[in-house]
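Scroll down for the structure; my scribbles are underneath it.
The values are calculated or read from the model by the stated rules, or taken from the named source; none is laboratory data. All values derive from a computational prediction rather than experimental measurement. Glycine also receives a Cβ, built like all others from the backbone with ideal geometry; neighbour counts cover every protein chain displayed.
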Amino acid sequence: MLSIDNILETNQMIHDNKLDVRTITMGISLLECASSSGKELCDRIYDRITKEAEHLVSTGEAIEREFGIPIINKRISVTPISLVAGGSDLTSYVPIAEAMDRAAKTVGVNFIGGFSALVTKGATRADRILIDSIPEALATTDIVCSSVGVGSTKTGINMDAVRDMGIIVKKTAELTKDNDALGCAKLVIFCNPVEDNPFMAGAFFGVTEGDSAISVGVSGPGVVKHALESVRGQSFDVVAETIKRTAFKITRVGQLVAQEASRRLGKPFGIIDLSLAPTPAVGDSVAHVLEEMGLSSCGCHGTTAALALLNDAVKKGGLMASSHVGGLSGAFIPVSEDAGMIDAVSCGSLSLDKLEAMTCVCSVGLDMIAIPGDTTADTISAIIADESAIGMINNKTTAVRVIPVPGKTVGEVVEFGGLLGYAPIIEVSPYSAAEFIARGGRIPAPIRSLTN
């Protein structure tokens, strides 16, 4: 059984190297809330969330005080709303998003995810209503997050959905232009989405889960960088082993917090997501970890190889520390949330094309990237298609969270604030993929999907 003694050696990591539990996320099934009445559905959703998560925030704060471990966010994920609302008489799901927003604010969490649809092979009527509702839903709520799954290794890529999501991203940007398109920061488009991801904006509670569960996301890029400082000039074998050992210790902290939160809240323990998720704070950057391996600037040649080593070693170390490692576990590369990535884009060493290459080996995809406001919907759809293809072929989760900022162009900077940080506007190819996107249909699943 774990005790605080097991993590005493991580005190320096917590106090000096910014180790934290990035989130305690409670997953809540809303399937029992289904109703033919839209009003009753919204009322049931509000009541269930507020009942199940009533003590989530206070419990997280108590654990933080007692164990001395920073817990940055308390969050909720719910069943994809298109699955819950399909039998209702609603023709827009904005009221559901508003009910989620009210409920999340009532219990005091930072974000709630699950305003989602999974259309990897096709879309139901409810899926189409949800997707059409996303721009207004994100414009009229504060802490609701949305995600759409458009492809998978098993099903291929739904190019009709890819086309539609380019349009949805543009509409969301326009409706939230007064906040520099902040709505787009709460919208993720996935290939191979996972059902137990505790991180926003892509979290939802999958239908293979139970009534509820507690999952924890742990982060510590500063801890990994500090560990690598002690092995400068040594071989990559030593680098990999150092990262594995460090990831093991980080994961044990998450395991302790998750088990304690599960016990106190009376909810099943879900998973530990060991993801090196950066923040804009100095000393908390994945880019700086890569540069510690010997790169002059993140984005130069060798960056993809360094990231591949980091991502793999983090997973191996985490798996040795917990029997329930899940979610996205690995290394995130969100530009606006990583001080080193911001510097790399600003100096010209990191481009959108290089970021796409890096997503082949990181744990997610193109994340928190600000692009010119005049980028067309077709171009955004093409970016989503490229990223989905990487995920589909490589049997990994990939995602796109790009923010076309109205009125901004390359070289300007957009401020999102808080953990979302700030970002320089990055250049996008001026060449059109409109005819490619207009074809629609499905890109078939690859041969590796035939595994039965």
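Looking at residue 396 and the list (1) of a type outside the set (Ser, Thr, Tyr); (2) in a helix (DSSP H, G or I); (3) surrounded by fewer than 24 Cβ atoms within 10 Å (Cβ to Cβ); (4) in contact (Cβ under 8 Å) with a residue 60 or more places away in the chain, which single condition is not satisfied? Only one criterion is unmet by residue 396, namely (2). Looking at the structure I just gave you, is residue 317 modelled with pLDDT of 80 or more and over 20 Å from the mean Cα position of the chain (by Cα)? Against the criterion (modelled with pLDDT of 80 or more and over 20 Å from the mean Cα position of the chain (by Cα)), residue 317 qualifies. Is it the case that residue 353 is charged (D, E, K, R), surrounded by fewer than 22 Cβ atoms within 10 Å (Cβ to Cβ) and assigned to a loop (DSSP other than H, G, I, E, B)? Here the answer is no, as residue 353 does not meet what is asked. The residues of segment 330-357 that are in contact with a strand residue (DSSP E or B) (Cβ under 9 Å, 6 or more places away or on another chain) and on the phi > 0 side of the Ramachandran plot amount to a single one, 330. Would you mind stating whether residue 337 is among the acidic types (Asp, Glu), within 21 Å of residue 153 (Cβ to Cβ) and either surrounded by 23 or more Cβ atoms within 10 Å (Cβ to Cβ) or under 17 Å from the mean Cα position of the chain (by Cα) (or both)? Spelling it out, it is not the case that residue 337 is among the acidic types (Asp, Glu), within 21 Å of residue 153 (Cβ to Cβ) and either surrounded by 23 or more Cβ atoms within 10 Å (Cβ to Cβ) or under 17 Å from the mean Cα position of the chain (by Cα) (or both). Can you find even one residue in segment 369-378 that is in a helix (DSSP H, G or I) and not hydrophobic (A, V, I, L, M, F, W, C)? Yes, segment 369-378 contains at least one residue that is in a helix (DSSP H, G or I) and not hydrophobic (A, V, I, L, M, F, W, C). Of all residues in segment 64-97, exactly one satisfies the criterion of being surrounded by fewer than 17 Cβ atoms within 10 Å (Cβ to Cβ) and under 23 Å from the mean Cα position of the chain (by Cα), namely 70. Here residue 222 meets each of (1) closer than 29 Å to residue 268 by Cα; (2) crowded, with 24+ Cβ neighbours inside 10 Å with one exception, condition (1).
Looking at segment 291-343, which of the residues that are free of Cβ contacts under 8 Å to residues at least 24 places away in the same chain and in a helix (DSSP H, G or I) is nearest to residue 249 (Cα to Cα)? Filtering segment 291-343 for residues that are free of Cβ contacts under 8 Å to residues at least 24 places away in the same chain and in a helix (DSSP H, G or I), the one nearest to residue 249 (Cα to Cα) comes out as 319.
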